[in-house]
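The values are calculated or read from the model by the stated rules, or taken from the named source; none is laboratory data. It should be emphasised that the depicted structure is a prediction, and the values quoted were computed from it without experimental measurement. So basically every Cβ, Gly included, is an ideal-geometry build from the backbone, and we count neighbours across all protein chains shown. Only protein heavy atoms, including side chains, enter the accessible area calculation; ligands, DNA and RNA are left aside. Shrake-Rupley method; radii C 1.70, N 1.55, O 1.52, S 1.80 Å.
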Amino acid sequence: MAQRPAQDTGKTEGKLLEIIYADRLNMQVVDSLHKYVSLVGKAHVKQENTDFYADSAVLNEIDNSLEAFGNIHINDADSVHTYAQYLKYLGKEKKAFLSKKVRLTDGKGVLTTDTLVYDVTLKIGTYLKGGKLVNKKTTLTSTEGYYYGDTKDVIFKKKVVLVDPEYKVVTDTLQYNTGTEIATFTSPTTIYSDSGRRVIKTRQGYFDMKNKRGILNKRSVVEDSTYTFTADDMAVDDSTKLSEFRGNAVYRGKDTAQGFDMIANNIKTDRKKDILLATEKPILLIKQGRDSIYISADTLYTARLSDLMKTRKVPVIRDSSSVKPLLDSTNRSDSSNNKYFEAYFNVRIFSDSLQAVGDSLFYSLQDSVFRLFRNPVIWAKENQITGDTIYLYVKNKKPERMYVFENAMAISRVDSTQYFNQLKSTTINALFEDGNIYYMRAKGNAENVYYGQDEQNRFIGVSRSTSDVIDMLFEDKKPKRVSFIRSFDGTSYPMREVNHEELKIRGFRWLDAIRPKTKFDILAY
């Protein structure tokens, strides 16, 4: 309103107040400045398109002012109606000062206060000592308020509280439109919903109370009993339960046993189906004390495992006795392990005990197995494992077992040299203890290259062998004993009498350059 250009009408004063009706009328001239007309009973005075009604009134014809008492009604061009028990009206300025049971309505909302100043020209009503607006099922209270009749906006200031059947809003400054039912926030604001179980904190934005959706800016926070969401910008829709979080969006789960965090520049959610879809540099953090698992990919997706099992079969790849029950004691699909994760393209994993890369990934909290597809690579300490598909079994968030399908190959650098122990076969099974491989079985056309060392770690020779099955035991992260089962064929060579490059098994690739060595490296690609 402050930006509305002033109209040059050539007049600085409002038109004279016109007496329309009264049961009784008295006139009294006190002096040149005071000429009064008293109206008693159904008093009706008019100025242009504004009508004034009261039980009684006193009109000063000299300064064009009006003082009215009892059951006052101001009809401003049939657009705004104001009621009170006392009125002082300045006709030249077109300003009304109302008190005692003041009520203003535009046909949509009803504003009540004890003292109100109403500007007829600008259609602005102001209260400074507390007021309340009721619009359908929404109630707003504040210390100060400014009503704009042209736009049907009300600006509330100081100790503002909005109460709706589904929301409660607490703030210091709020703009509310009685027609659209949109609340606009320009100061720190707290929104309570779901009977107080869900809390939104924002500093700027708007919320459509009628359609239950809004846009929030300036690093807003959403919190409920299971998670906290923070982002630069948010779009929330409580009618569909869909939301979008943009700009350094951070999801933090509150479940300490099966908790996870997610970070991305864009996260879309469906609260009805418990879905999160993260893009634009997403990171998944599976919390586990000091050795958390960090996962990045082009796209990360998580939802309820019970919903997935309704649409497709999820193979059981762990002994059923060690799989956590999906349903809790109340037979509801909301237990903490009812969650699965999918990652698509350029998957990278980092933890202190294990690192991996691959094309795509599936992980379920129910069985705690990472399924890595299409050219996956896993590093465990000094060991590198590749294959077409890898299943990594996790227990207490540490590697427990690994199964490699097709074109399986394990390579480990011998100390800091350029010599590599190698194991290749159709499949590889590996067992872990405290994050380290202690047993490995290669099955199906197994090939092995092994560098022997004495107790002082001096090389004593190198052997190349083949067998149907090769078992390998590890000690101090190094191969300690190798066993060959069926169809063994092997040759040993002195270190100086062999070309070590020719000893590399077909398909050998040492991929240390793409290994994520820190949690920051998972964002390198």
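At-a-glance table
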read-out: Residue in region 459-480 that is open to solvent by less than 90 Å² (accessible area, probe 1.4 Å), of a type outside the set (D, E, K, R) and within 46 Å of the chain's Cα centre (by Cα) present; value: yes
read-out: Criterion (modelled with pLDDT under 95 and among the basic types (K, R)) met by exactly one of K35, K100; value: K35
read-out: Of the criteria (1) modelled with pLDDT of 85 or more; (2) open to solvent by 30 Å² or more (accessible area, probe 1.4 Å); (3) closer than 16 Å to G259 by Cα, which one D334 fails; value: (1)
read-out: Among (1) under 18 Å from Q355 (Cα atoms); (2) touching a residue at least 40 places away in the same chain (Cβ under 8 Å); (3) open to solvent by less than 20 Å² (accessible area, probe 1.4 Å); (4) of a type outside the set (S, T, Y) - the single one Q422 does not satisfy; value: (1)
read-out: Some residue of region 201-214 being in contact with a Ser or Thr (Cβ under 9 Å, 6 or more places away or on another chain), of a type in the set (F, W, Y) and more than 27 Å from G109 (Cβ to Cβ); value: no
read-out: Near pairs, Cβ below 7 angstrom, 6+ apart or cross-chain, from region 473-487 (in a loop (DSSP other than H, G, I, E, B)) to any residue that is open to solvent by less than 60 Å² (accessible area, probe 1.4 Å); value: K477/N436; R486/S467; R486/D468; R486/V469; S487/S467; S487/D468
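Quick grid of which residues meet (1) within 26 Å of R506 (Cα to Cα); (2) assigned to a strand (DSSP E or B):
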| site | (1), (2) |
| --- | --- |
| S353 | no, no |
| D359 | yes, yes |
| L372 | yes, yes |
| Y393 | no, yes |
| P399 | no, yes |
| M402 | yes, yes |
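The rows are residues; the columns are (1) modelled with pLDDT of 95 or more; (2) open to solvent by less than 30 Å² (accessible area, probe 1.4 Å); (3) under 23 Å from the mean Cα position of the chain (by Cα).
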| position | (1), (2), (3) |
| --- | --- |
| S142 | yes, yes, no |
| I155 | yes, no, no |
| P165 | no, no, no |
| T184 | yes, no, yes |
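Yes/no per residue for (1) open to solvent by less than 30 Å² (accessible area, probe 1.4 Å); (2) outside any strand (DSSP E or B); (3) of a type in the set (K, R):
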site	(1), (2), (3)
V222	yes, no, no
F229	yes, no, no
V236	yes, no, no
T240	no, yes, no
E244	no, no, no
V250	yes, no, no
K268	no, no, yes
L277	no, no, no
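One line per residue, one yes/no per condition, for (1) part of a loop (DSSP other than H, G, I, E, B); (2) of a type outside the set (V, I, T); (3) open to solvent by 40 Å² or more (accessible area, probe 1.4 Å):
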| position | (1), (2), (3) |
| --- | --- |
| K88 | no, yes, yes |
| A96 | no, yes, no |
| K100 | no, yes, yes |
| L104 | no, yes, no |
| D114 | no, yes, yes |
| L122 | yes, yes, yes |
| K129 | yes, yes, yes |
| K132 | no, yes, yes |
